[in-house]
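One structure is given below, encoded as structure tokens.
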Amino acid sequence: MHANIIELHQLSKIYRTGDVEVRAVDGVNLCIERGEFVAIMGSSGSGKSTLMNMIGCLDHPTKGKYLLDGVDVGSMKSGQLSRLRNQKIGFIFQSFNLLSRTSACENIELPLFYTSPSVSLNERRRRAIHALQEVGLGERLHNHPNQLSGGQQQRVAIARALVNRPELVLADEPTGNLDSHTSIEVMGLFQKLNDAGITLVMVTHELDIAAYCKRIIVMRDGKIIRDELNTERTFAVDQQAALAALE
């Protein structure tokens, strides 16, 4: 087991349109240790989402090296990358990405269809129910997305990200579609997951959301311009007290 779950060495993503070269990510060096909770910030076009896509093995770098838990992903074929993503990484998106015609429990089961070795139907259901209980929605397993609030849908998405027991969770603007009360609730849940040992990397443009993280990275023009520990971290572990403070 490697201390650094993420290692980026001179990682770049370059797009070319005719004679124009755009360096979306430009020679980034970055290490993230197992158990960290990291926010990646930056304005639109800073390269944060492109960097996140490469960390999630959803996009290939043009140059440089990426080690995920010590494995050089640049040498892997698409099938190998798919298996690695399924085994190591859980994804949480701003738009939830839930299937509208399936229940919360069935949405959570989906990643388990692609595991190797395969998971039995009973085990899929057991793990999905457990994941729902972990995010406080054990009584909502039969509800469809249109029967859930935005915050509840995001909790289902978090449960789906956790069902394969990943070592790394990547969250792309996870509170972007949520109100302030629900955002605090979700960040409190993230802090509890991190306290349980899960490594979290989150893209956000909101300073008040980044304040819940242990480390803040700021990007501009494809480069990291600031990388520091968050010594004035906001805590929302006691969610009820945090929500009451906003009343």
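Read-outs: derived from the displayed coordinates by stated rules, not from any lab. The model shown is predicted, which means the values in this text are computed figures rather than measured ones. Here the Cβ positions follow ideal geometry from the backbone for every residue, glycine too, while neighbour counts run over all protein chains shown.
Only one of the listed residues (Asn97, Asn86, Asn122) is farther than 28 Å from Tyr15 by Cα, out of contact with any Asp or Glu (no Cβ under 9 Å at 6 or more places or on another chain) and not β-branched (Val, Ile, Thr). That residue is Asn122. Hey, can you tell me all the residues within region 1-21 that are polar (S, T, N, Q) and more than 13 Å from Thr50 (Cα to Cα)? Answer for region 1-21, where residues must be polar (S, T, N, Q) and more than 13 Å from Thr50 (Cα to Cα): Asn4, Gln10, Thr17. The residues listed here are Leu51, Leu8; of these, the one that is in a strand (DSSP E or B), touching a residue at least 24 places away in the same chain (Cβ under 8 Å) and aliphatic (A, V, I, L, M) is Leu8.
If you filter region 28-62 down to residues that are among the charged types (D, E, K, R) and surrounded by 15 or more Cβ atoms within 10 Å (Cβ to Cβ), you find that the one that is farthest from Gly90 (Cα to Cα) is Lys48. Where residues in region 77-96 are surrounded by fewer than 18 Cβ atoms within 10 Å (Cβ to Cβ) and of a type in the set (A, V, I, L, M, F, W, C), which of them is farthest from Ala157 (Cα to Cα)? Filtering region 77-96 for residues that are surrounded by fewer than 18 Cβ atoms within 10 Å (Cβ to Cβ) and of a type in the set (A, V, I, L, M, F, W, C), the one farthest from Ala157 (Cα to Cα) comes out as Leu81. Residue-level analysis places His130 outside the set of residues that are surrounded by fewer than 20 Cβ atoms within 10 Å (Cβ to Cβ) and either in a loop (DSSP other than H, G, I, E, B) or touching a His at 6+ places or on another chain (Cβ under 8 Å) (or both). Of all residues in region 206-229, those that are under 21 Å from Ile14 (Cβ atoms) have Cβ atoms under 8 Å from Cβ atoms of residues that are among the charged types (D, E, K, R) and in a strand (DSSP E or B), 6 or more apart or on another chain, in Ile217/Arg226; Ile217/Asp227; Asp221/Arg23; Asp221/Asp26; Gly222/Lys13; Gly222/Arg23; Gly222/Asp26; Lys223/Asp26.
For region 30-49, the tally of residues that are within 21 Å of Glu167 (Cα to Cα) and either of a type in the set (Ser, Thr, Tyr) or more than 19 Å from the chain's Cα centre (by Cα) (or both) stands at 1. Reported count of residues in region 18-39, each being without any contact (Cβ under 8 Å) to a residue 24 or more places away in the chain and among the small types (Gly, Ala, Ser), is 1.
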